[in-house]
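Written below as structure tokens is the structure these notes are about.
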Ligand SMILES: [Fe+2]
């Protein structure tokens, strides 16, 4: 079966058809998927009812898969595989979560524009989100093309932001929504980390704005001045010219490059309708500031 790549948005979001991800991929298929991943940054595979093991195995082709951690809530009980982030409103009993369940708060935080795991020193390379149950209305995911957003900046702005470093913290982004429930242990495990503001990808030789709700301020700048710049860039990058909205169907799998996209969830009737998606997250190799230093050292 030949793989077909159908762009939904030029150079940003493409549908991949003609491949069954439950089966071992031929070398040519894998090559075509990798090429499309670099070109489009977001790939959509329709009708892929993968088991957890198949989902993890495909994810692992892109790099090491993070083990999910329960930083957000105190119970250790998990409904899903240890390598899956549970993007659902469903509890361990299989029923819709109670209205006051703390997980609802963190789901709401996903409605802020972000890219996954920038709050970790070694952030995420890509994520793979698979839909199992979805509401008929709402619960879409929006994506933003951070390479196009970068390309559209003025040359003066590109020069101004080229070397900047942003501090990222999940404690910061959750505090924005009024959540102060992190344990001291979680805070110690999740200290603020530095990430570049402009990410260069050596494989595509393209640059992208690297922004997320976790980015609190610009290192070395007065807080207010840094905030103003981060807000300005986020507003710029999330205009409709750079975004795409996906309506989920069961079996949809979306792979996105966290290094050059942002995404956010959108609301749905979360108290009465089930929504069950599961995500694997693939780690990058090193911190983004370290990578930039290495790249620059290699060009001296
Ligand atoms: Fe996310």
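The values are calculated or read from the model by the stated rules, or taken from the named source; none is laboratory data. From a predicted model like this one, the values you see are computed outputs, not experimental measurements. Neighbour counts are summed over all protein chains in view; Cβ atoms, including those assigned to glycine, are modelled from backbone coordinates with ideal geometry.
So here's what we get for this one:
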quantity	calculated
Some residue of region 41-63 being in contact with a helix residue (DSSP H, G or I) (Cβ under 8 Å, 6 or more places away or on another chain), over 28 Å from residue 16 (Cα atoms) and within 16 Å of the ligand (Cβ to nearest atom)	no
Residue among 129, 197, 190 that alone is under 30 Å from residue 53 (Cβ atoms), touching a residue at least 12 places away in the same chain (Cβ under 8 Å) and touching a helix residue (DSSP H, G or I) at 6+ places or on another chain (Cβ under 6 Å)	190
3 or more residues within 16 Å of the ligand (Cβ to nearest atom): qualifying helices (runs of 4 or more DSSP H) within region 103-201	170-176
Out of 275, 291, 264, 296, sole residue that is more than 16 Å from the ligand (Cβ to nearest atom) and either crowded, with 18+ Cβ neighbours inside 10 Å or closer than 23 Å to residue 245 by Cα (or both)	291
Residues located in region 86-102, provided they are part of a loop (DSSP other than H, G, I, E, B) and either surrounded by fewer than 17 Cβ atoms within 10 Å (Cβ to Cβ) or within 12 Å of the ligand (Cβ to nearest atom) (or both)	91, 92, 93, 94, 95, 98, 99, 100, 101
Any hit, region 71-85, residues being at pLDDT below 85, within 15 Å of the ligand (Cβ to nearest atom) and within 25 Å of residue 59 (Cα to Cα)	yes
Selected residue (only one of 245, 259 is within 16 Å of the ligand (Cβ to nearest atom), part of a strand (DSSP E or B) and out of contact with any helix residue (DSSP H, G or I) (no Cβ under 7 Å at 6 or more places or on another chain))	245
